[in-house]
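Single-structure report; data block below.
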Amino acid sequence: MGSAPVSDQVYLSDSVRAAVKILVVGHFAVGKTTFVGTLSEIRPLRTEEIMTQAGAHVDDLAGSPEKTTTTVAMDFGRITLNDHLVLYLFGAPGQKRFTRLWKDMMYGALGALVLADTRRLDASFDIMGLLEEHGMPYAVAVNQFEGAPLFPEEEIREALDLLPETPLVTCDAREAGSSTKALISLVEYLQTRTPAQEQR
Amino acid sequence: MNDHMTNELGWMLDEVLKVPEARHAILLSADGMLRSHSQGIGRDEAERQAAALSGLQSISRSTAEFCGDEHSPWRQTLVEFADGYVFLVAAGAGAYLAVSATQHVDMETVTYRMQKLVDRLGKELTSPPREDAAMAPGASPS
Ligand SMILES: Nc1nc2c(ncn2[C@@H]2O[C@H](COP(=O)(O)OP(=O)(O)OP(=O)(O)O)[C@@H](O)[C@H]2O)c(=O)[nH]1
Ligand SMILES: [Mg+2]
């Protein structure tokens, strides 16, 4: 049997140059799997399992009572943003007991999109802390759930203690337009970072 | 990665699939990005599998303590299905080689051939840093 190099084309155009690994992170049930599934142009990798009673003690389901499954390893999908850039989206599990996998997943990633929920902004601190600890640049996207409070951008920035340059956008993880914009804001942010900031 | 390099890797995967009953081969970097795949598997599928295999490796490693010593180096992960196997081994620093096979494969032969190729081409298999000129990495390997 012959072998095909990675460069063989499916629907990636010839001019596609940069393949960039991006993390999609956020606390439990914030919509990471939904986000990757909405945006992926290929069938996404899913590792969903039905939540058990044992897990229920740990995992706060207050915000999404209809949720029956949780990600036990990772989400993965691919999105071609333009002729020059393909993003490989790696969704990390949201629950604390998976932190080790999460750290491995950071390897090779250029940046992270942090999904946040205005009903539980404080739940995002651990995630942002881990990213900062590892020097991983990130943007924040508020995944706007129905019935979740709407705050002015300044209030969210303050509540999350964001640096002035950290992008903050709002999206609906079930909808491609706003979700793509969230990724673009991250990519633009990564592109504006100076070489000095990148050498860590 | 230049064409010469890519072809070298493709040749290596051909070698592994000479084992009777072997199905597909994938070479991936430790960050879950596909580096090369055998012809019988499509690119989209190979990319998805590369991501999954990197997660499998990470999770496998985290069971070391269960095995006795949490610092014991990971060597291989074997997954068995009703009709086949997946073998995952280290392929130099920062790269992994995965081979799938039917249930009739000689397991020793596969692992032997995989190991031999990894040894022989160890240098070539080591993932070079990706060239993302526009955006330099924000994190080093953990
Ligand atoms: N209303 C609304 N519901 C959403 C949105 N995004 C996700 N959901 C729902 O919220 C629930 C949680 O979404 P998931 O995508 O599983 O969340 P997750 O972050 O992957 O969760 P874990 O992997 O378990 O941490 C699901 O029931 C989704 O249907 C959104 O933007 N709006
Ligand atoms: Mg999930």
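The values are calculated or read from the model by the stated rules, or taken from the named source; none is laboratory data. Since this is a predicted model, take the numbers as computed values, not measurements. Neighbour counts run over all protein chains shown; Cβ positions are idealised from the backbone, glycine included. Areas reflect the complete protein model, heavy atoms only, side chains present, ligands, DNA and RNA absent. Shrake-Rupley method; radii C 1.70, N 1.55, O 1.52, S 1.80 Å.
Using a probe radius of 1.4 angstrom, the carbon and sulfur fraction of the accessible surface of the range B:3-127 is 50%.
Between residue A:157 and residue A:181, residue separation times 0.36 nm minus the direct Cα-Cα distance comes to 6.8 nm.
Here the accessible area of the range A:126-200 is 54 percent carbon and sulfur, with a 1.4 angstrom probe and all protein chains present.
From other protein chains only, count the Cβ atoms within 10 Å of every residue's Cβ in A:102-113, then give the mean.
On the way: counts 2, 3, 12, 7, 6, 12, 15, 5, 8, 4, 2, 0.
The mean count of partner-chain Cβ atoms within 10 Å per residue comes to 6.
Its relative contact order, with pairs defined as Cα atoms under 8 Å and 6+ residues apart, puts the range A:18-198 at 25 percent. Taken over the range A:18-198, lysine pairs spaced eight or more positions apart, or on distinct chains, with alpha carbons under 20 Å apart number 8. With the cut-off at 1.5 for a/c, could you classify the range A:18-198 from its C-alpha gyration tensor as rounded, prolate or oblate? Taking the square roots of the gyration eigenvalues as a ≥ b ≥ c, the range A:18-198 is rounded. The packing ranking of peptides A:146-155, B:21-30, A:90-99, B:78-87, highest mean first, is B:21-30, A:90-99, B:78-87, A:146-155, where packing means the average number of other beta carbon atoms within 10 angstrom of each residue. Packing, taken as the mean count of other beta carbons within 10 Å per residue, orders the peptides A:101-107, A:68-74, A:24-30 from highest to lowest as A:24-30, A:101-107, A:68-74. Only alpha carbons enter this Debye calculation for the range B:3-127, each as an equal point scatterer, and the log10 of I(q)/I(0) it gives at q = 0.09, 0.13 Å⁻¹ is -0.23, -0.48. Mean partner shielding of peptide A:18-25, defined as the number of other chain Cβ atoms within 10 Å of each residue Cβ, is 3.
Taken across both chains, chains A and B shield about 3700 Å² of accessible surface from a 1.4 Å probe.
About its Cα centre, the range B:3-127 has a charge dipole of approximately 180 debye under the convention of +1 per Lys or Arg Cβ and -1 per Asp or Glu Cβ, with nothing else charged. Look at the stretch B:39-51: the mean tally of other chain Cβ atoms within 10 Å of its residues' Cβ atoms is 6. The distance between label points at residue B:62 and residue B:79 comes to 1.6 nm (points 7 Å beyond Cα on the Cα→Cβ vector). Solvent exposure of the range A:18-198 amounts to 43 Å² per residue of accessible area, where only protein heavy atoms count and the probe is 1.4 Å. Based on C-alpha pairs under 8 angstrom that are at least 6 apart in sequence, the range B:3-127 has a relative contact order of 27 percent. Close amide H partners of residue A:47, meaning residues 5 or more places away or on another chain with modelled amide H under 5 Å apart, are A:72, A:73, A:74.
Averaged per residue, the range B:3-127 has 47 square angstrom of accessible surface, using a 1.4 angstrom probe with ligands and nucleic acids left out. One chain, two ends: residue A:174 and residue A:41. Fully extended at 0.36 nm per residue, the span grows by 46.4 nm beyond their Cα-Cα distance. Of the trypsin sites (Lys or Arg not before Pro) found in the range B:31-112, those in coil by DSSP whose Cβ has at most 13 other Cβ atoms within 10 Å are B:75.
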